[in-house]
């Protein structure tokens, strides 16, 4: 196997390893071996890596069926040493020690196949959700949940998951895109959001929420955004048509059967009213539950109104190519809330959980 390489690479790199389920003490910034790409893979120098709920939830073991609280409550509980949860990851047990980091903007520095050598030197985004059996099979694997990710100076990934992007955005701005915008575009694709729809977005100021506002407006649909009063102006600037305060009476504000699609990554106690405001034949789509995974569901609301509930984890084929085209055509813009050096990951995650920001946080690894 020939490794095409025009860069001088060190045998070791700096990375953050998550050593198990638990609190911030499980995040260890240290020197580790630089990954060596195998057949069909490329090695990427990480230029910037986004921060997401996913990494925090995986560290906490929040995906375990034993956890019934929201992410913030789980984080407080995990400030003390915790036992590893055998079902705490996306695909059963998380393979600790693990380098997390789902969002990667980077530069290809090594390729193993002749066909991929043209990628060397290119700035790229990595499609974090991978469908190893093809797009007719829902099985998926995630970078940073199932194998090492981008909280490091280098990461290796299949060459098929690397997308060259040509734009004037900064590295940090590009790193806000993959997970939040990929998740959103997948939800809107599955829910068939189209021009003229009214889409209710819960948690509209977060990474996925703010991406949902942008990508929904891009499709020509109207947006009703649920957020706090302090973030209302930011959501209006993104294009939200209706602003609803958290805790608002949704039925009183919008009316029954007023909404075509609900995008709800919040869940928790507010879930029942999401179904109340949906029209007959409406769709509720979700890829998360930051306010709590256990909800109350009145089956009569669902079946008497012919509502479709859509869960989304595996990204469909058009999703990531669509995002690259939106960036290159200037149809969306990045929402970079704050940048931290990689070794300050615990500080970044603590601030992230306060939910006082709009958009995304990004970590910058040290440059060689």
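The values are calculated or read from the model by the stated rules, or taken from the named source; none is laboratory data. These figures come from a predicted structure and were not determined experimentally. Here the Cβ is made from the backbone with ideal geometry for all residues, glycine too, and neighbour counts use every protein chain on show.
Going residue by residue through segment 323-340, is there one that turns out to be modelled with pLDDT of 95 or more, buried (at least 20 other Cβ atoms within 10 Å of the Cβ) and assigned to a helix (DSSP H, G or I)? The answer is yes; a qualifying residue exists. Restricting to segment 166-181, name every residue that is surrounded by fewer than 24 Cβ atoms within 10 Å (Cβ to Cβ) and within 18 Å of the chain's Cα centre (by Cα). If the condition is that a residue be surrounded by fewer than 24 Cβ atoms within 10 Å (Cβ to Cβ) and within 18 Å of the chain's Cα centre (by Cα), then 171, 172, 173 are the ones that fit.
For segment 3-10, does any single residue satisfy the condition of being surrounded by 15 or more Cβ atoms within 10 Å (Cβ to Cβ) and assigned to a helix (DSSP H, G or I)? Within segment 3-10, none of the residues are surrounded by 15 or more Cβ atoms within 10 Å (Cβ to Cβ) and assigned to a helix (DSSP H, G or I).
So that you can scan it fast, the table gives a plain yes or no per residue for (1) surrounded by 18 or more Cβ atoms within 10 Å (Cβ to Cβ); (2) within 24 Å of the chain's Cα centre (by Cα); (3) not in a helix (DSSP H, G or I):
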residue	(1), (2), (3)
189	yes, yes, no
196	no, no, yes
224	yes, yes, yes
230	no, yes, no
237	no, yes, no
251	no, no, no
271	yes, yes, no
280	no, no, yes
288	yes, yes, yes
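Would you check which residues across segment 341-368 are out of contact with any strand residue (DSSP E or B) (no Cβ under 6 Å at 6 or more places or on another chain) and part of a helix (DSSP H, G or I) and list them? Selection gives 344, 347, 349, 350, 351, 353. Every test in (1) under 22 Å from residue 183 (Cα atoms); (2) touching a residue at least 60 places away in the same chain (Cβ under 8 Å); (3) touching a strand residue (DSSP E or B) at 6+ places or on another chain (Cβ under 7 Å) is passed by residue 217 save one, and that test is (2). Does at least one position in segment 31-53 carry a residue that is part of a loop (DSSP other than H, G, I, E, B) and within 21 Å of the chain's Cα centre (by Cα)? The answer is yes, given that some residue of segment 31-53 is part of a loop (DSSP other than H, G, I, E, B) and within 21 Å of the chain's Cα centre (by Cα).
Applying the set (1) out of contact with any strand residue (DSSP E or B) (no Cβ under 7 Å at 6 or more places or on another chain); (2) within 22 Å of residue 339 (Cα to Cα); (3) modelled with pLDDT of 95 or more to residue 206 leaves exactly one unmet item: (3).
Taking the numbered list (1) part of a helix (DSSP H, G or I); (2) surrounded by 18 or more Cβ atoms within 10 Å (Cβ to Cβ); (3) not assigned by TED's automatic domain parsing to the domain that holds residue 234 in turn, residue 275 passes all entries but (3).
Taking the stated definitions as given, is residue 210 within 26 Å of residue 54 (Cα to Cα) and free of Cβ contacts under 8 Å to residues at least 24 places away in the same chain? It is false that residue 210 is within 26 Å of residue 54 (Cα to Cα) and free of Cβ contacts under 8 Å to residues at least 24 places away in the same chain. Listed here are the strands (runs of 3 or more DSSP E) enclosed by segment 90-165 that have at least 3 residues being buried (at least 24 other Cβ atoms within 10 Å of the Cβ) and in contact with a helix residue (DSSP H, G or I) (Cβ under 7 Å, 6 or more places away or on another chain): 103-111. When we screen 32, 51, 36 for residues that are modelled with pLDDT of 95 or more and surrounded by 21 or more Cβ atoms within 10 Å (Cβ to Cβ), the only hit is 51.
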